[in-house]
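K.L.:
Before I ask anything, let me first share the structure, which is written out below as structure tokens.
The values are calculated or read from the model by the stated rules, or taken from the named source; none is laboratory data. Quick caveat: nothing in here was measured; it's all calculated off a predicted structure. Every residue, glycine among them, receives a Cβ derived from its backbone with ideal geometry; neighbour counts consider all protein chains shown. Ligands, DNA and RNA are stripped out before the accessible areas are found, and what is left, the full protein with its side chains, is counted by its heavy atoms. Shrake-Rupley method; radii C 1.70, N 1.55, O 1.52, S 1.80 Å.
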Amino acid sequence: MRAIQYAAPTSLSDAVALLSQSGARARILAGGTDLIVQMREHLREVDLVVDAKRIPELTAVSCDPQQGLTLGAAVPCYQVYGSADIARLYPGLVDAASLIGGTAIQGRASVGGNLCNSGPAGDSIPALIALGATARILGPGGERTVPVEQFCTAPGKNVLQPDELLVSLHLPAPQPRSGARYLRFIPRNEMDIAEVGVGAGVELSADGSRFVSVRVALGAVGPTPILAAEAGAALAGQAVSDETIRAAAAAAQAAARPISDMRGTAEHRRHLVGVLTRRALAGAVDRARA
Ligand SMILES: Cc1cc2nc3c(=O)[nH]c(=O)nc-3n(C[C@H](O)[C@H](O)[C@H](O)COP(=O)(O)OP(=O)(O)OC[C@H]3O[C@@H](n4cnc5c(N)ncnc54)[C@H](O)[C@@H]3O)c2cc1C
């Protein structure tokens, strides 16, 4: 047993001051579904826990068809899929938020915490990348914005300095004729994390027959979630067809860097990238046309 300090600041400036004073052994607590487990298992030694949930900017949600979605970093998953506006405008994010853990976990776990935990299999991360999300970061030196595809740097590591915190995620306003889908494969029916996860976001031409732009993001097939830019480039300007989607899936497979572990072999993961990319793209196209 070891004493741990707990603070619940009510402003961003107080939170940053606490992080600055305490260095790398201070951690932000959002839902705690990763942090508390890691502390109990001594995977992370923490002296100070800084609770995010009394800071208004971290718990705020603003969803507007013109301005896009700003999601406070500590907003739990149930508020994501419980919002009619988010469900209507960002069903691809809802796909991920409603897969994380189960109902009890979703009552606490935040999308921001999923990103900051920076696990290669974090379900929300490919969905955020597919939707073009950016991360608003605050530290003693001020604010900066980082595209989500550049946020994670290694398993469990990211661009945050010890005295910085994630304030919010911003998703751009959905374009007309756009849609997104996130799908994952888990190796057993019980609660588990992804063997592979794929997020796809598409924007179609006015008649819905061609791809204007496409983003494909892969989870659990590399040390960090991957933006498979080659897969998106393979589709831009192309007709929507099984053939073009198959070519993009092959490009996604080439971008994957899978390893073998207890959830599956590298070979099986690469196969799944192809299958899930095709299905996620088809689902995103259906949503864009709906
Ligand atoms: C039973 C169970 C099932 C799970 N199933 C899944 C699953 O299916 N898919 C999946 O992806 N994950 C799963 N998880 C992992 C976990 O629930 C998610 O990663 C969750 O989204 C983390 O959010 P949180 O709010 O609980 O984060 P916390 O545990 O509070 O924080 C996670 C990490 O991020 C840091 N952090 C949090 N917020 C900030 C911030 N604003 N600024 C800086 N750092 C911050 C914390 O210090 C900590 O290091 C599961 C966990 C459990 C216990």
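K.L.:
Based on what the data block shows, is Thr70 within 13 Å of the ligand (Cβ to nearest atom), open to solvent by 40 Å² or more (accessible area, probe 1.4 Å) and of a type in the set (Ser, Thr, Tyr)?
P.N.:
Numbers: within 13 Å of the ligand (Cβ to nearest atom): no; open to solvent by 40 Å² or more (accessible area, probe 1.4 Å): yes; of a type in the set (Ser, Thr, Tyr): yes.
Against the criterion (within 13 Å of the ligand (Cβ to nearest atom), open to solvent by 40 Å² or more (accessible area, probe 1.4 Å) and of a type in the set (Ser, Thr, Tyr)), Thr70 does not qualify.
K.L.:
Looking only at segment 135-192, which residues are within 18 Å of Gly72 (Cα to Cα) and touching an Asp or Glu at 6+ places or on another chain (Cβ under 9 Å)?
P.N.:
Arg136, Ile137, Leu138, Gly139, Arg144, Val167, Ser168, Ala173, listed by residue number.
K.L.:
Something else about it: If a residue must be in a helix (DSSP H, G or I), within 20 Å of the chain's Cα centre (by Cα) and more than 19 Å from Ala130 (Cα to Cα), how many such residues does segment 234-290 contain?
P.N.:
Number satisfying all stated conditions: 1.
K.L.:
Suppose the filter is within 6 Å of the ligand (Cβ to nearest atom), open to solvent by less than 30 Å² (accessible area, probe 1.4 Å) and in contact with a helix residue (DSSP H, G or I) (Cβ under 6 Å, 6 or more places away or on another chain); does Ile86 pass it?
P.N.:
The answer is no for Ile86.
K.L.:
Additional query: What is the one condition in (1) buried (at least 21 other Cβ atoms within 10 Å of the Cβ); (2) within 14 Å of the ligand (Cβ to nearest atom); (3) over 17 Å from Leu35 (Cβ atoms) that Ala133 does not satisfy?
P.N.:
Condition (2) is where Ala133 drops out.
K.L.:
Right, next: If the requirement is being within 12 Å of the ligand (Cβ to nearest atom), touching a residue at least 24 places away in the same chain (Cβ under 8 Å) and open to solvent by less than 10 Å² (accessible area, probe 1.4 Å), which of these qualifies: Gly156, Gly219?
P.N.:
Only one candidate passes the filter, namely Gly219.
K.L.:
List every residue pair whose Cβ atoms lie under 7 Å apart, where the two residues are 6 or more positions apart in sequence or sit on different chains, the first residue falls within segment 263-284 and is farther than 18 Å from Gly199 by Cβ, and the second residue, located anywhere, is surrounded by fewer than 20 Cβ atoms within 10 Å (Cβ to Cβ).
P.N.:
Arg263/Pro187; Gly264/Pro187; Ala266/Ile259; Ala266/Ser260
K.L.:
Output the residues belonging to segment 108-130 that are more than 6 Å from the ligand (Cβ to nearest atom) and either open to solvent by less than 10 Å² (accessible area, probe 1.4 Å) or within 10 Å of Ala96 (Cβ to Cβ) (or both).
P.N.:
Val111, Leu115, Ser118, Ser124, Ile125, Pro126, Ala127, Leu128, Ile129, Ala130 - these are the residues of segment 108-130 that are more than 6 Å from the ligand (Cβ to nearest atom) and either open to solvent by less than 10 Å² (accessible area, probe 1.4 Å) or within 10 Å of Ala96 (Cβ to Cβ) (or both).
K.L.:
Anything in segment 159-195 that is of a type in the set (Ser, Thr, Tyr) and either more than 9 Å from the ligand (Cβ to nearest atom) or open to solvent by 80 Å² or more (accessible area, probe 1.4 Å) (or both)? List them, or say none.
P.N.:
Across segment 159-195, the qualifying residues are Ser178, Tyr182.
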